Each structure stands twice: as C-alpha cells, then as structure tokens.
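The values are calculated or read from the model by the stated rules, or taken from the named source; none is laboratory data. Computed from a prediction, not measured in an experiment: that's the story for all the values here. Note: ideal-geometry Cβ built from the backbone for every residue, glycine included; neighbour counts use all protein chains shown. Surface accessibility is based on the protein's heavy atoms, side chains included, excluding ligands, DNA and RNA. Shrake-Rupley method; radii C 1.70, N 1.55, O 1.52, S 1.80 Å.
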Amino acid sequence: MELYLITPIFAVVLAISALGGMQRLLLLVAAFIPFGMLAVIGLPAIGGLSLLAVYVAAAALIAGGCLVLAGRLLRGASVTVVPATLALLLYAGYSIFSATVLVRLFAGEMMVFSLTRDDTGVRVSTMFSWGKIWLNPSSSNISQTFYIVLACSLFIAIAYVLSRRGADFGVRCLALAATVNLVLGVMDLAALDALLDIVRTANYSLANEASVHGIPRVIGGYSEAASFGSASAMFFAYFASAFTYSGRFKDGALAFGNGAFALLALSATGIIALAVVFSLLSLRVLLSPPQRISRMRLFLLAIGLAAVAIAVAATLTLTDAPDAIAAIIQDLIFDKSQSSSGLERTAWAMGGLEALRDTWGLGAGAGSLRSNGLPFVLLGSVGIPGTAAFVAFLWLAFGGRVADGESAGERAAILSNSRLAALAVLVSMLLAATVSDPGVPLMLLAALAVSARQPQPAVKDSEANPASRAVLAVDTSSVPGDPAF
C-alpha cells in the first residue's frame, strides 16, 4: 500500500466530517468529485489501483449507511426498497457474477483490448497504441467490480441521507461540487501547477500540457480535458436549468462559469454534451417561457445579452477568432473519427460488440475489456442482462412525476434539473466511456431525482435531535420505512 503527503490531511478531514454524521460525509463526497486525480491510497499489488479521495469518502458514507441499516434491522423496523434500488442491485449482482464466473467461463476463447496498462498485447494496427490479449481473469476484474459495487452502494446511502434531509440538501451538495470545480479550473487556467500537483497524486497520465492549435486545454482537477469538460458540462446543465426556474444569481454564476470551462477544456466530449444540453434547454425555455419575470430581472437579462452579443461581434470582426474557432471545431468534432485516437476508439467499440457475440449475449465480465461508448462497454462487459438492469435503473430513477404535497413545484424543478444534468453525463459516457462503472456524479443525480419525487421531511434530523449528529449515527426510530433502502 502506498500513501501520499496529502493522505494524513485527508484522514483528518474525513474524521471531522464523520463526527458531523452522514450529511457531512455526503458534503465531503460532493466536494471531492472535481478532484479527479486526487488519490489518497495506492495499491500497486492490484494493478496499480489508485483509490481516489472521492471513493474513500464514499466508502465512509456507505459504512455509515450500513450501520443505520443494521440498527433498523436489529430493532425490527421496516425497510422500504424503491424499484430503482432493486434494478441497481441487479446490475451490481450481475457485474459481480460476470467478473468472477463469466470471465473464467470464456477465458482463452476470444481476444480483447485489455484494461491493464502494462498489458499491451498483440498489436492489431500500427495506428493503435493498445493491442489485444486472450481473455483471462485479471486485477481489472477486481478493481472494476469494486468501483461498480461502490457506486451502487453510494446511491443507496445518498438516497437515505436525502430522504432525511430533503432534496434541497442534495442541491447544496451539487452547488459545493460545482464551486470547487470552478476554483480548480481557475487554478489550472492560471497555471498554478505547483499547487495543483499536491492534489494530482493518482498514477494516471497527466495531460496538462496538451493544446489545440496553440490554445492550451484546461483540465482543472482532472488528469485530462475530456473528464474536466464532461464534469463542467454536467454542472452547467444542472445550474443553467435551475436558473431558468429560479433566476437566482448564484445559479446563473455557477452555470456560466462551468459552461465556460466546458468550452475551455477543448474536448469533443464536453463540447458535444454542452451543445446537446444547451439546445434542449433553449427549446424548453422557448416552449415554456417563465410566466412571471420582474422588470429589473428582464432589464438585467437584456443588458447581459447585449453585452455578450457586442463582445462576440467584436471578437469575430476584429480578430482572427473565426478561423481559429473553425479549425478547432474541425479538429475536435468533424475530423475526430479519422484521427488515430478516433480509429482506435472505434476499434475498442467494435471489440465490445465482438465480445457480446462471442459470449452469446452474456458479456465477458466487468473489467475484462476496454471498449468505447456506454452501450458498447455495457454490452461487451455485462452483456444483455446487465445492460437491461442498468437501463431499468435509469428509467426508474429519473422517470415519473413528483408526489403531490408541500413544495411540489420546487421538487418538480429539481427533478427537471437532475434529468438534464444526468443527460449531460450520459452523453459524455455515450461518447467516451471505457468501463462499466456508473460513476459518483450519476449516482448523486439519481438519488437527487428519487428524493425530489417524494414528499419532503417536515423537520431535518439535525434540527429535531442534536444528538443525531454523533459519529455516523442518525435516529431512524420515528420513521416507519425509509425510501432509500
């Protein structure tokens, strides 16, 4: 096991958060989402696995949820299981089965692109840096199964916290994550690499010197532009949608800042996700404009749009920006599929379909292969059964309507915001996902959507009983059935 200089600091922060209960741990998980390269534990014996801070914090939150669940079961209290949880448990269970049984069942019968960095395999093209190996059990099966189970368990834990604290608390968590993402983006834009190196401890390939037509890419707290651009597009989607409902300056600032960084990342994944979200958001505003808007807000909006229009017009007229923008778009979007990276990713995607065919639709096992694009990754790794369970989870988590009751309008807005942000995540995964791990952001958004559809608690735990803020302890005796489990 390998530790880093940041590890003791993280351990202290984690312990303090644990003293504040599960809600503090959830805030900590959200705060560490933008730190996509902050590892606190290295495991060289398991394929060089780096445990990121967000996953360790998530594990602590899950441990708290397990203690609460165990306490309820020991007291004989009822436990309610929502359909989305059942679908996610089916997905996690099949992932475990595929990574332990199917990979051994089909071992040696097909060749796949390996997830293991050091296992380059047999080169199938001079344009590809990765080769193919014969399918066999590896440390990647263990690590990817761990991430999948962790993500699924995290959804249950977050849903439990939000069932007690309300969907508004989940919005606070997202706002914290979006703010941290902005801070890290500004630091990277200012070339504060000496400070960022403290939180770039994972053994990933760092692409902080990459550029497009001489314009440096911004990667924030991540290892490369695609991840930062995707995360920024997700935050833009949520808070831009929230701004159309609330008109709050805070929502607008978070949306504008993260949207700008989604562009500055100069990643095709982030830009396409941003374009999809912006198009749908514009269409929604045009079809369902706000019924009421104050004169001051309308005046400020008009001034802002005029200032942006003048700045854009001046830039396009007085500079060489049009040619530079056209060249960047041509390289990132239209010529991407013909680049060596695009051709290699196409081969990865086809490899996923080949694995689906060669395993009769069962999948080669979670972590068994490297593919590209969420459908190809799921079908190649967990087959048709696992893919069906995952799609069912998405439908059950983000579908449906809010329950009638107090603040139904506000909860409907939160549900709509969560759906749009989840769409940004899924678009990014459709374009660039290489593994079947759902990820922490999608689980947070799914739990927020589930919470928004339910009637909100009248009194928060910390307000009703200060003692409930003890270490990982939440009083659940007054609740007959928590909707998180």
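When each of ILE16, ILE41, ILE9, ILE62 is tested for being of a type in the set (A, V, I, L, M), under 22 Å from the mean Cα position of the chain (by Cα) and part of a helix (DSSP H, G or I), the lone residue that passes is ILE62. Restricted to region 391-450, and to residues there that are hydroxyl-bearing (Ser, Thr, Tyr) and open to solvent by less than 40 Å² (accessible area, probe 1.4 Å), the residue that is farthest from LEU51 (Cα to Cα) is SER416. Checking region 54-74 against the condition returns no match, with no residue being touching a strand residue (DSSP E or B) at 6+ places or on another chain (Cβ under 6 Å), open to solvent by less than 20 Å² (accessible area, probe 1.4 Å) and either touching a residue at least 60 places away in the same chain (Cβ under 8 Å) or polar (S, T, N, Q) (or both).
Of the candidates ALA449, ALA413, the single residue that is over 19 Å from the mean Cα position of the chain (by Cα), of a type outside the set (D, E, K, R), under 27 Å from PHE278 (Cβ atoms) and outside any loop (DSSP other than H, G, I, E, B) is ALA413. Tell me, please, whether a residue that is in contact with a Gly (Cβ under 6 Å, 6 or more places away or on another chain), at positive phi and modelled with pLDDT of 90 or more can be found in region 232-249. So far as region 232-249 goes, no, none of its residues is in contact with a Gly (Cβ under 6 Å, 6 or more places away or on another chain), at positive phi and modelled with pLDDT of 90 or more. In the condition set (1) surrounded by 24 or more Cβ atoms within 10 Å (Cβ to Cβ); (2) over 15 Å from the mean Cα position of the chain (by Cα); (3) within 23 Å of ALA432 (Cβ to Cβ), ALA242 is compliant with all but (3).
THR476 satisfies every condition listed in (1) at pLDDT 85 or above; (2) open to solvent by less than 40 Å² (accessible area, probe 1.4 Å) except (1). Going by what's in this entry, would PRO83 be described as of a type outside the set (A, V, I, L, M), in contact with a helix residue (DSSP H, G or I) (Cβ under 9 Å, 6 or more places away or on another chain), touching a residue at least 60 places away in the same chain (Cβ under 8 Å) and open to solvent by less than 30 Å² (accessible area, probe 1.4 Å)? So PRO83 fails the test. Within region 173-212, the set of residues being closer than 30 Å to ALA446 by Cα, open to solvent by less than 60 Å² (accessible area, probe 1.4 Å) and not hydrophobic (A, V, I, L, M, F, W, C) comprises ASN181, GLY185, ASP188, ARG200, THR201. For region 21-53, a residue qualifies if it is modelled with pLDDT of 90 or more and surrounded by fewer than 21 Cβ atoms within 10 Å (Cβ to Cβ), and the qualifying residues are ARG24, LEU27, ALA31. Within the set ILE148, ILE142, the sole residue that is open to solvent by less than 60 Å² (accessible area, probe 1.4 Å), under 30 Å from LEU379 (Cβ atoms) and either hydrophobic (A, V, I, L, M, F, W, C) or at pLDDT below 90 (or both) turns out to be ILE148.
In this structure, does SER468 turn out to be at pLDDT below 95, crowded, with 23+ Cβ neighbours inside 10 Å and farther than 13 Å from SER230 by Cβ? So SER468 does not fit the description; no.
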